[in-house]
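J.: Sending over a structure as structure tokens; questions will come in a sec.
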Amino acid sequence: MLATLFWFLLFPVVAVTLAYRRESLKRSTLVMGGLLLAYTLLGNAGGFWLSLLWLLFLGLLLLNFEDFRRTTISRRLLAFYRQILPPMSDTEREALEAGTVWWEGDLFSGAPDWEKLYQMPAPRLTREEQAFLDGPTETLCRMLDDWQITHELADMPPEVWAYIRQEKFFAMIIPKRYGGLEFSALAQSCVLRKLASRSLVVASTVGVPNSLGPGELLLHYGTEEQKDHYLPRLAAGDEIPCFALTSPRVGSDATAITDTGVVCRGEYEGREIIGIRLNWDKRYITLAPIATVLGLAFKLYDPDHLMGDRDAYGITAGLVPTRLPGVTIGRRHFPLNIPFQNGPTQGRDVFVPLDAIIGGPERAGEGWKMLVQQLSVGRGITLPSNAVGCGKAAVYASGAYARIRRQFGLPVGKFHGVGEVLARMAGRTYIMTAAADVTIGAIDAGEKPAVPAAILKYHNTEMGRAIANDAMDVQGGKGIMLGPKNYLGRNYQGMPIAITVEGANILTRGLIIFGQGAIRCHPYVLKEMEAAGAEGEAGLRAFDRALFGHLGYAVGNAARSLVMALTQARYVMAPTRDGTRRYYQHISRYSASFALAADVAMLTLGGALKRKELLSARLGDVLSAIYLASMVLKHHVNQGSPEEDLPIVEWACRSLLYDAQEQLHGLLRNLPNRWASALLRLFVFPRGRSYSAPSDELGLQIAELIMRPCDSRERLCEGIYQAVEPNNPLGLLQEALELTESVKPLERKVFNARRDGLFESEDTPSQINEAERKGILTADEAAQLRSFDAKVMALIDVDDFAAAELAVRKTAATPGAARAPVKKPQAKKKAGKKKASKKRVVKKPVVAKRATEPVEKQGD
Ligand SMILES: Cc1cc2nc3c(=O)[nH]c(=O)nc-3n(C[C@H](O)[C@H](O)[C@H](O)COP(=O)(O)OP(=O)(O)OC[C@H]3O[C@@H](n4cnc5c(N)ncnc54)[C@H](O)[C@@H]3O)c2cc1C
């Protein structure tokens, strides 16, 4: 009996071990063959079981013969695969092929190689980059008055525009040989973070020319003449660029643009040449109102075959000087009270030479490829960095505010409800920073990680939005009352902008992260698709290899997911032995479960998965959660593994891994094939959903960390504008926070005296006076407390305005209008009496003002 049990267990244990270790088919066949032989010679099985086992083994053995496998299995499966393969347009293919595969490929494999990530050097700024941050960036921040920019001018003042151009903030990506700064992606990110902590208008204005636009496109695809002409002028700030893709009818579905360029003969600068007649109508274009050169996406046609033998070339990117006749710029949109220069532009029969095409005529039709290739990197830098800057500023301010603002006799941050929110803000800020730092480090090391860039774009901007929301809660009315003293309202208002641009977030989550990841990062799917597209025996051969590789990989992931879920991944290799070890192990477990679930979803849904966006979004969420958790761990290592930060690291990893678990559960609940779902659940959650979210206690520890001046708080908020000066609330809040420690014993004396009923007065300043008079405080101590109280009250203070000050139209704002008696409606005039005149009111055309001229005060 015991012997039977032994053999009964031995077979599955050996099979699972081979699969878990991803042993080759050949080696697995040999091991299973040896085991079966031993069983035949030593075991006590009856004829039926033994025959069955030999039969199964024969099947396994046959799979080792490629010719047999190809003709009997792969040929049939290839025909089926071709049927279920979703159709793919050229533009989709170009989007999928953009960029490289980095750490996300490891997570997709189900067996991440931690050493690879662990050994990656920590990203560092050069001395020159650091000097730029400490010098011109600090100076620029000092020059800014966000209320003046967002409310009074609806623009940056002329001296700020001039300083930005002069110090080459617009030229961070332009090489030195063209007069640019040639900064790393990390340096760009750090500059944007600091600016975003001070003014979103300035961060957005600086971000755009350094992101997807003429500069970036010229650098990668421009001809030498184009580079020599434009790059030095862009670097010097003599040209202001913008890039126009979006139009009124076409937003997310950008490949459907209807703006056209027709190759024809025309006159340009006094000569008759072959060129392009452009017509466009674009909107939402950042910097368009003041641009001197417009990067334009249009569809190119050549009906008379003046350029080549094709009628149509598809999306093409060109450069159009805005001074040309037919170009309209100047009008502005008003994006959520963050009035950076953004507006529509139209072109009517604008004639440009053929070499206006970026890269010259031979690059006609490559516009879309250029855009998605550059976006695959840029998406991971500008918007995620702005979100990091805003997040850090919000945490820095909220931690200090929650300490200095007292209610019910206690700092509000001491109340557990507020503490929970502060912890969430800190944890998310850590995740955003870690993701940006490590991913941008990979970009600087030469990667073009398209899927991580989409993960950063989506998650950093979503977390940024959540943090801005939370900060408003923590600071109550102080956050809401706009005015020069408000440091939260504009970020809160502006967050949806980042959600919308460079791939709106719902689309990024539902289509891009997993959709692109499944094909780009999966070790076999792209190979299978390519093989399915190839003709003849070579295609079949390639398909066979990819298919059987895929099968082995799926079986391996099933074994790994099951074993790690059963053992809670306790025995998985991890690169550290400290408090973070378990998170490495859990990420490995969820990586295997995710890889298995992705395969099952693709197998059961085929091309329909593309339309099942919610399933695809959930898979994307799982991939994102384990990606972000790995970034958190790596960032902690990069910072020297400070023990003091462990609560935040734990909160971040726990929240992300809990989310991975819940999204996998959501996927299983919604997978249409219920049999597949039930089977998958056995491998993913054999012990149920056993992973828990961060505890309340952990959250409160984090709240304490960010409510007192300490290294953890400093590290978390590093890189924002912290100068202690009259119009920088961040610096002043930190100053007040630091003072709370030194005045604590004095406050205690006043508190005790109040408790003992020694004061006649009620308010704090009078009580300080009384305490001094009664010898409870010395004169010095009283002065110290008075000064502290004044500083705190100045920070808690909000703005108020004369009623007329708030109105945009001065004449409409009559003080007391709200209390004016309501006029009774006049009785209807009898029919037939004189009709009211229906004269059309002709609006006066609005004349666009120059960006550097102050425009009339904008209302909120
Ligand atoms: C402040 C600002 C600055 C901008 N700057 C520029 C610029 O400089 N140059 C430029 O060319 N463009 C710019 N844009 C345009 C921006 O890229 C577009 O707003 C964006 O592409 C979305 O288009 P849309 O706003 O028309 O939304 P729509 O395309 O109408 O989308 C509406 C909603 O539907 C969702 N959606 C659409 N399709 C799908 C799908 N298949 N699956 C799931 N969800 C989907 C979107 O996620 C979104 O939530 C800017 C926009 C803003 C707001």
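The values are calculated or read from the model by the stated rules, or taken from the named source; none is laboratory data. Please read these numbers as outputs of a predicted model, since none were measured by experiment. Note: ideal-geometry Cβ built from the backbone for every residue, glycine included; neighbour counts use all protein chains shown. Accessible surface is based on the protein model in full, side chains and every heavy atom, while ligands, DNA and RNA are left aside. Shrake-Rupley method; radii C 1.70, N 1.55, O 1.52, S 1.80 Å.
J.: Under 8 Å for C-alpha pairs, at least 6 residues apart: give me the relative contact order for segment 699-784, rounded to a whole percent. Mind showing how you got there, number by number?
T.: On the way: 51 pairs, mean separation 14.5, N = 86.
Normalised by residue count, the contact order of segment 699-784 is 17 percent.
J.: Hey, what's the Cα Rg ratio for segment 361-407 versus the globular rule of thumb, 2.2 N^0.38 Å? All intermediate terms of the calculation are to be shown ahead of the outcome.
T.: Numbers: Rg = 20.4 Å, N = 47, 2.2 N^0.38 = 9.5 Å.
For segment 361-407, the normalised Cα radius of gyration comes out at 2.15.
J.: Between Ser761 and Glu697, take the C-beta separation as r, use R0 = 35 Å, and let me know the FRET efficiency to the nearest 0.05. Display every interim value, and only then the final one.
T.: Working: r = 40 Å, r/R0 = 1.13.
Efficiency, rounded to the nearest 0.05: 0.30.
J.: Work out how much length Arg323 to Phe801 would gain on full extension: take 0.36 nm times their residue separation and subtract the Cα-Cα distance, in nm to one decimal.
T.: Using 0.36 nm per residue and subtracting the Cα-Cα distance, I get 167.8 nm.
J.: Then there's this: Expressed as a whole percent, how much of the Cα-Cα distance distribution for segment 451-512 exceeds 12 Å? Write down the numbers at each step before the final one.
T.: On the way: 1258 of 1891 pairs.
Cα-Cα pairs of segment 451-512 separated by over 12 Å account for 67 percent.
J.: Run the accessible area of the chain with a 1.4 Å probe and give the carbon-and-sulfur part as a rounded percent.
T.: Working: 22490 of 39780 Å².
Whole-percent figure for carbon plus sulfur exposure: 57.
J.: Calculate, for Thr72 and Thr567, the FRET efficiency according to 1/(1 + (r/R0)^6) with r their C-beta to C-beta distance and R0 41 Å; round to the nearest 0.05. Provide the component values of the computation, followed by the final result.
T.: Numbers: r = 38 Å, r/R0 = 0.92.
That pair, Thr72 with Thr567, gives E of 0.60.
J.: Which whole-angstrom value gives the distance between the alpha carbon centres of segment 597-620 and segment 58-103?
T.: Spelled out, the Cα-based centre of one part sits 17 Å from the other.
J.: For Gln166 and Ala723, compute 0.36 nm times the residue count separating them, minus their Cα-Cα distance, and round to one decimal in nm. Spell out each step's value before the answer.
T.: Details: separation 557, 0.36 × 557 = 200.52 nm, distance 2.28 nm.
Once the chain is fully extended between Gln166 and Ala723, it gains 198.2 nm.
J.: Here is a follow-up. Per the helix-only calculation at 222 nm, which mean residue ellipticity applies to the chain, given -39500 (n - 2.57) for every DSSP H run of n ≥ 4 and division by its residues, nearest 500 deg cm²/dmol? Mind showing how you got there, number by number?
T.: Values: 33 runs with 467 residues, N = 860.
Rounded to the nearest 500, the figure is -17500 deg cm²/dmol.
J.: Quick one: what does P(r) look like for the chain with 20 Å bins over all Cα pairs, in whole %?
T.: It works out to 13, 38, 32, 14, 3, 0, in whole percents.
J.: So which trypsin sites (Lys or Arg not before Pro) in segment 514-592 are both in a DSSP loop and have at most 12 other Cβ atoms within 10 Å of their Cβ?
T.: Those satisfying the criteria are Arg570, Arg577.
J.: Roughly how many nanometres apart are two label points built 7 Å out from the Cα toward the Cβ at Met481 and Asn673?
T.: 6.2
J.: Give me the aspartates and glutamates in straight-line cross-link reach of Lys116: C-alpha distance below 13 Å, same-chain residues under 8 apart excluded.
T.: Glu104, Asp106
J.: What percent does the relative contact order of segment 88-235 come to when contacts are Cα pairs within less than 8 Å and at least six residues apart? Please report the intermediate quantities before stating the final value.
T.: Numbers: 107 pairs, mean separation 31.5, N = 148.
Computed value for segment 88-235: 21 percent relative contact order.
J.: Strictly over 23 Å apart at the Cα level, which of Lys457/Lys485; Lys392/Lys634; Lys744/Lys774; Lys448/Lys527 would you flag in this model?
T.: Lys457/Lys485
J.: Put one equal scatterer on each alpha carbon of segment 1-159, apply the Debye formula with no solvent term, and list log10 I(q)/I(0) at q = 0.16, 0.19 1/Å to two decimals.
T.: Values, matching the q order: -1.14, -1.19.
J.: Over its Cα atoms, what ratio of radius of gyration to 2.2 N^0.38 Å does segment 211-303 give?
T.: Numbers: Rg = 14.4 Å, N = 93, 2.2 N^0.38 = 12.3 Å.
For segment 211-303, the normalised Cα radius of gyration comes out at 1.17.
J.: How high is the relative contact order of the chain, given as a whole-number percent (alpha carbon pairs under 8 Å, six or more residues apart)?
T.: Relative contact order of the chain: 16 percent.
J.: Suppose all protein chains stay in the model; what accessible area per residue would a 1.4 Å probe give for the chain, in Å²?
T.: Numbers: 39780 Å² over 860 residues.
Result: 46 Å² per residue.
J.: Using the alpha-carbon centroid of each, what span in Å lies between segment 653-700 and segment 154-176?
T.: Each part reduced to its Cα centre gives a spacing of 48 Å.
J.: With a 1.4 Å probe and every protein chain left in place, tell me how much accessible area Asp309 has, in Å² to the nearest 10.
T.: 130
J.: Let me ask something else about it. How large is log10 I(q)/I(0) at q = 0.14 Å⁻¹ when the Debye formula is applied to the Cα atoms of segment 336-391, each weighted equally and without solvent?
T.: -0.71
J.: Under 5 Å between amide H atoms, partner at least 5 residues away or on a different chain: which partners does Ser247 have, H built in plane at 1.01 Å?
T.: Placed amide hydrogens put Arg283 under 5 Å from Ser247.
J.: So for the pair Trp49, Cys710, with labels modelled 7 Å out along Cα→Cβ, what separation do we get in nm?
T.: Calculated label separation equals 6.0 nm.
J.: Quick one: what Rg and Dmax do you get for segment 229-373 from the alpha carbons, in Å?
T.: Cα radius of gyration and Dmax of segment 229-373 are 14.9, 49 Å respectively.
J.: 7 Å from Cα along Cα→Cβ at both Thr292 and Thr604: what's the point-to-point distance in nm?
T.: Going from the Thr292 label point to the Thr604 one covers 6.0 nm.
J.: For Arg611 and Phe57, what does the FRET efficiency come to when R0 = 60 Å and r is the distance between their Cβ atoms, rounded to the nearest 0.05?
T.: Values: r = 42 Å, r/R0 = 0.69.
Efficiency at R0 = 60 Å is approximately 0.90.
J.: Sticking with this one: For every other residue with a beta carbon closer than 9 angstrom to the beta carbon of Pro123, add +1 if it is Lys or Arg and -1 if Asp or Glu, then tell me the sum. Could you put the intermediate results ahead of the total?
T.: Working: positive: Arg124; negative: Asp437, Asp444.
Residues close to Pro123 contribute a combined charge of -1.
J.: Any chance you could run the full-extension gain for Arg748 through Thr139? It's 0.36 nm times the residue separation minus the Cα-Cα distance, nm to one decimal. Mind dumping the intermediate values first?
T.: On the way: separation 609, 0.36 × 609 = 219.24 nm, distance 4.01 nm.
Taking 0.36 nm per residue and subtracting the Cα distance, the gain is 215.2 nm.
J.: State the antiparallel share, in %, of DSSP beta bridges confined to the chain, rounding to the nearest 5. Numbers along the way, then the final one.
T.: Working: 33 of 41 bridges.
Taking every DSSP beta bridge with both residues in the chain, the antiparallel ones total about 80 percent.
J.: Here is a further query. Considering just Cα atoms, how many Å³ per residue does the convex hull of segment 747-816 enclose? Walk me through the numbers before you get to the answer.
T.: Details: hull volume 8.8 nm³, N = 70.
Given the Cα convex hull of segment 747-816, per-residue volume reads 126 Å³.
J.: Kindly provide the chymotrypsin sites (Phe, Trp or Tyr not before Pro) of segment 756-803 that DSSP labels as loop, not H, G, I, E or B, and whose Cβ sees at most 11 other Cβ atoms within 10 Å. Please list the in-between numbers first.
T.: Numbers: sites: Phe759, Phe788, Phe801; in loops: Phe759, Phe801.
Filter output for segment 756-803: Phe801.
J.: What are the ³J(HN,Hα) values, in whole Hz, obtained from phi via the Karplus relation 6.51 cos²θ - 1.76 cosθ + 1.60 with θ = phi - 60°, for each residue of segment 67-75 in sequence order, with x given for Gly and Pro?
T.: Each residue of segment 67-75 in turn: 4, 4, 4, 5, 6, 8, 10, 4, 4 Hz.
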